[in-house]
Structure formats: C-alpha cells, structure tokens
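Engineer: Take this structure, written in structure tokens, and hold onto it; I'll ask about it next.
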Amino acid sequence: MAKVTSETWMARALVLARRGLYTTDPNPRVGCVLVKNRRKVGEGWHRKAGEAHAEVNALREAGDAARGATAYVTLEPCSHQGRTGPCAVALIDAGVKKVVVAMQDPNPLVAGRGIARLREAGIEVEVGLLEDQARALNPGFIARMSRQRPFVRLKMAMSLDARTAMASGESQWITGPSARTEVQRLRARSSAIMTGVESIIFDNSRLTVRAEQLDLEQADSISQRQPLRVVVDTRLRMPLAAACLREPGRTLIATCAAESPRRRKLEEAGAEVLVLGCDINGRVDLAALLTYLAREESCNEVLLETGATLAGSMLDAELIDEMHLFVAPTLLGGEARPLFALPGLERMAQQRPLQIDDIRAVGRDWRIIARPQRI
Ligand code: AOF
Ligand code: ZN
C-alpha cells in the first residue's frame, strides 16, 4: 500500500473545502481532517456563512477520538468570536495534539492570532503545507482581505477568427452547451457578475445562475443564492425593461449621472443606483467601484461578462486578475469587433503580455485561462 503522508491528508482537506465552492460566500472555502494513529477519525468542511466552521464539523464527527489527534486545516483556525466560536479554542478544548495549517488567514481579525493561540496552549503548529493549492481555492477572499478589492475574472467567447459578435451585435450563441455550463459554474462561484450597459442593451442577458443547468450535487443550495448583478452605466442608459431587473436577486447600477431623472424610474423598476466619481475619461471610476464591492458588499470573486469597451477599460486599468477565453470552432468573418477596445499600440514594446495557465477542450470549444502580466 502506498505510504500515507501528511500531504495526503491535506489533499483530502482541500477536496472537502472545495465542496463549499458555491455556497460559503462571503466566507472562505475551508476543509479539515482529523488523523490519529495514521487513521482518519473525523472530517468536515464549511458549508455556509453563519454555520459551523470546518474544524467544528470535523471535531463533531470525531467525538472523543479527537484527543491526541493531528488536525489538517486548509486555513488557519480562527481566533475571533464571529458568527461561531473561535476554532482555535475548540481544537485546544478537544485535546488535539498537533495542527497542520495550509495558509495563514488573511482576515485582519485573525491573521496569525489563531496560530499563536494554539502554540500558547502547547500545541505544535506547522504552516504552509500545500499552501499554493489552498490559496487557489480562495482567490477572492484573499484579494478582499489583503487588497480591499475582489478577484476579477473576465469571461469572453470568440470565434476562431477572434470575433465576439456579428456586425449586427448578435452574439448568441458562439460557444456550445458545455462551455455555457462552464460559464454557469463561474457565475455560481462568484459574489457578483459585472457587465456594461451596452451588453444589457444588445443581449438583454439575465445574468443569473440557473442551478438546473449546473448538473451538481449542491444545485439546491446554489439556487437560493444569486450573485449581485453590477451594471456599469456612466450615463444611466439602462433600459427600464431589462430582463435582469425582473430576476431574483439584486441589480446594482454604477453611474456618474447623479442628477438623472431616470434614477427614480430605475429604482422603481427594482434596481439600486450607486453614484460614483468619474475617471479622467468621464466614465465610472472602476477602481472605486471594485473597492466599494469589496468593502460594502463583501464581494470575493467578481465575474466580468461584457463587451470590448468595458473589458478594454478594465484591462487598461490593470483590474483584471484572470481571463477565461472560450474559443469556438467557427469563423464569423465580417467586421471584427475586437475582444478588447484598447488604445492603438504603435510599438511591439507596448504589447500587453499574458501568461497562459491552462488550455483545454470544453465540449467542442477550447478554453484558455490567462493572466495579464503587470508591466
Ligand atoms: C476557520 N474555519 O471553516 C472558516 C473560517 O462569520 P464567521 O464567524 O463564520 O467567521 C468568518 C471568518 O472566519 C472568515 O472571514 C475567516 O476569517 C474565518 N473563516 N475560519 O477557522 C472555517 N470558514
Ligand atoms: Zn473558525
């Protein structure tokens, strides 16, 4: 039999944490495994904000067997009294002997204090096992806690000749059903879906999670949570009849038009209107919007589903963390609408470099995951 190492247990804790991918928001996804005499005596994960943390669920399963066990946790056990009691204290009280932590909690309420508390109680603590994998589970929570802004993921679909729409603006559907299911998953894990008013005008998209299209065990709990819809609309051109205003969940319109008479009408139609300052081009200050989403709306991951103008502005402002580009095996020809409206580059030295992290087939389409490199 293959040797069971501490990596194996932490890998199990990461698998458990991932079960909360669609449901823990705004909390992080966390998993925990309790091991004694090289056997698992309990495991748990955090399902939902307000409910028990991963460690508490694992301790509950282990009962008395937790005494003398080693705990593998994907995030530092908390030290604060939040909606639930501090996990560090629960581990100490249960008589756990050693705690292996994948990463420190970036939440300033915790930030090392959970680890310190365990050590003060005489418990051996090891930090950093499979840390990269643990960080990858919670990019949004980490960005919000450490940079006061969400992790922004851009999703775009294009033909093999890099067209995102027909000249008429018609764009449904370039990609096939598997890619569209994948986009549903991206929506379901996000705190907010952000778009530009032009996309609403052209596509009238609902920007909702359709749990029945997800084909997942957790479909029931997902359907209860709709990500916040955020529409960037400098001059308040949002149509009163926009389909997304009639969907469950909230729609927030970010605008510079403080005095517009349309504001009240949109509010009556069910939207919330957020007035922000303008940038030097007279458009909504996107960095301020993201800060607002992190601070006031506790947004961890934001999915940007939009057209060339807003995508270009977000890229230009260095506000995109990751891009998911779906490439369909089709040619659209005609007038090219670029992926990004960027100011024309004149020299090769001005190129926007990307790092490609993954390319794979999704049904009949291809998905490229890339990260803009800071220049
Ligand atoms: C853990 N284990 O499973 C999770 C932790 O509002 P509360 O009480 O649920 O606290 C949320 C904070 O606790 C969250 O911001 C993060 O710092 C930590 N999450 N900690 O020990 C868990 N979910
Ligand atoms: Zn906790």
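Engineer: With charges only on Cβ, +1 for K and R and -1 for D and E, what is the dipole size of region 254-375 about its Cα centre, in debye, rounded to 20?
Structural biologist: It comes to approximately 320 debye.
Engineer: Of Lys3/Lys48; Lys3/Lys40; Lys3/Lys97; Lys155/Lys265; Lys40/Lys97; Lys48/Lys155, which sit over 24 Å apart, Cα to Cα?
Structural biologist: Result: Lys3/Lys48; Lys155/Lys265; Lys48/Lys155 exceed 24 Å.
Engineer: What angle, in degrees between 0 and 90 and rounded to the nearest 10, separates the Cα long axis of helix 177-189 from the longest principal axis of the Cα atoms of the chain?
Structural biologist: 60
Engineer: Assigning unit charges at the beta carbon (Lys, Arg +1; Asp, Glu -1) and nothing else, what dipole magnitude in debye, to the nearest 20, does region 173-310 show about its Cα centre?
Structural biologist: The dipole of region 173-310 has a size of about 300 debye.
Engineer: Positive end of the dipole of the chain, charges at C-beta (+1 Lys, Arg; -1 Asp, Glu), about the Cα centre: which of Gly333, Ala52, Ile359 has its Cα farthest in that direction?
Structural biologist: Of the options given, the answer is Ala52.
Engineer: Per DSSP H run of n ≥ 4, the term is -39500 (n - 2.57); total these for the chain, divide by its residue number, and report the mean residue ellipticity at 222 nm rounded to 500 deg cm²/dmol.
Structural biologist: Theoretical 222 nm ellipticity from helices: -8000 deg cm²/dmol.
Engineer: Restricting attention to region 321-375, which GluC sites (Glu not before Pro) occupy a DSSP loop and are surrounded by at most 13 other Cβ atoms within 10 Å?
Structural biologist: Glu335, Glu346
Engineer: If you put +1 on each Lys and Arg Cβ and -1 on each Asp and Glu Cβ, how big is the dipole of the chain around its Cα centre, in Debye rounded to 20?
Structural biologist: Once rounded to the nearest 20, the dipole reads 600 debye.
Rule-based calculations on the coordinates, nothing more; no lab input. Everything quoted here is computed from the prediction, not taken from an experiment. Ideal geometry is used to build each Cβ from the backbone, glycine not excepted, and the neighbour counts take in all protein chains shown.
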